[in-house]
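Note sheet for the following structure.
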Amino acid sequence: MTVTEIEEISGKRSRVFLDGSFAFVVYKGELRKYEIEKGKELEEEVLDELQNKVLPRRAKLRAMNLLKNRQYTEKQLTDKLLLGGYSQEIARVAVDYVKSYRYVDDYQYAYDYLACYMERRSRKELEQKLLQKGISRETIDSAAGDLARDGRVPDEEALLLGLLEKKYNKYDGNGKISDREKQRIFAYFYRKGFSSELIRKVLKDTFA
């Protein structure tokens, strides 16, 4: 394959294109070591070493370093590696590696996330946030089910009432507000994932 372009990313790293397509990111020292030059053929043995040894090893180390500072879901970690210039295949190798040591565990992430925020956000809102993080609905449901079996079931009515009292405490002493204000409150909490039935009940019980 022919090296058609070498694009500098920083003083240390460059993107390498083979036959017109992006192939990988390497350090400047590796450009010299493997004699990677624009317009030059890249030997099959060199390409094999880079794709099957050098880059997977580096991606695994990168994944481990990222996980030192915070938790990641599989998708988040994969996306982070892709942004770093690793191919989808190499990113998957690295993620599978850290998964094998349980450093990345979507079920545990979902369980911990739900446990941490269940008294501050609605179940539906938490589900949406976890789905956005790349965790499957099946995994979310499994974690939520285990939380319930552990006796950790949120009281969404009490949660909604507490949020309502905290956010909207400007009604008069008779507990009366306008219909327009009720509609605004309803819309806010509906966007937060609470059911319309529950919101109506709490509004009815709270305001005359």
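The values are calculated or read from the model by the stated rules, or taken from the named source; none is laboratory data. Worth saying up front: this structure is predicted, and the values here are computed from it rather than measured. Note: ideal-geometry Cβ built from the backbone for every residue, glycine included; neighbour counts use all protein chains shown.
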Query raised in the report: Just checking, how many residues over the stretch 67-82 are more than 15 Å from Pro56 (Cα to Cα), part of a helix (DSSP H, G or I) and touching a helix residue (DSSP H, G or I) at 6+ places or on another chain (Cβ under 6 Å)?
Result: 1
Query raised in the report: Looking at the stretch 83-101, is at least one residue touching a Ser or Thr at 6+ places or on another chain (Cβ under 8 Å) and buried (at least 20 other Cβ atoms within 10 Å of the Cβ)?
Result: yes
Query raised in the report: Would you say Leu130 is closer than 28 Å to Arg191 by Cβ, touching a helix residue (DSSP H, G or I) at 6+ places or on another chain (Cβ under 9 Å) and assigned to a helix (DSSP H, G or I)?
Result: yes
Report summary line: Glu49 passes all but one of the listed conditions (1) modelled with pLDDT under 95; (2) assigned to a helix (DSSP H, G or I); the exception is number (1)
Query raised in the report: Which residue pairs have Cβ atoms closer than 6 Å, lie 6 or more positions apart in sequence or on different chains, and pair a first residue in the stretch 100-128 that is free of Cβ contacts under 8 Å to residues at least 60 places away in the same chain with a second residue that is among the acidic types (Asp, Glu)?
Result: Val104/Glu74; Asp106/Glu74
Query raised in the report: Looking at the stretch 133-165, which of the residues that are of a type outside the set (A, V, I, L, M), over 30 Å from Leu77 (Cα atoms) and in a helix (DSSP H, G or I) is farthest from the chain's Cα centre (by Cα)?
Result: Glu165
Query raised in the report: Given the conditions (1) over 30 Å from Leu131 (Cα atoms); (2) within 27 Å of the chain's Cα centre (by Cα); (3) in contact (Cβ under 8 Å) with a residue 40 or more places away in the chain, which single one is not true for Glu41?
Result: (2)
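Among the residues of the stretch 131-144, is any closer than 22 Å to Gln71 by Cβ, at pLDDT 90 or above and either touching a Gly at 6+ places or on another chain (Cβ under 9 Å) or of a type in the set (Asp, Glu) (or both)?
We begin by selecting, within the stretch 131-144, every residue closer than 22 Å to Gln71 by Cβ; these are 131-144.
With at pLDDT 90 or above added as a condition, the list becomes 131-144.
Filter once more, so that each one left must be either touching a Gly at 6+ places or on another chain (Cβ under 9 Å) or of a type in the set (Asp, Glu) (or both): 138, 141.
Yes, the stretch 131-144 contains a residue that is closer than 22 Å to Gln71 by Cβ, at pLDDT 90 or above and either touching a Gly at 6+ places or on another chain (Cβ under 9 Å) or of a type in the set (Asp, Glu) (or both).
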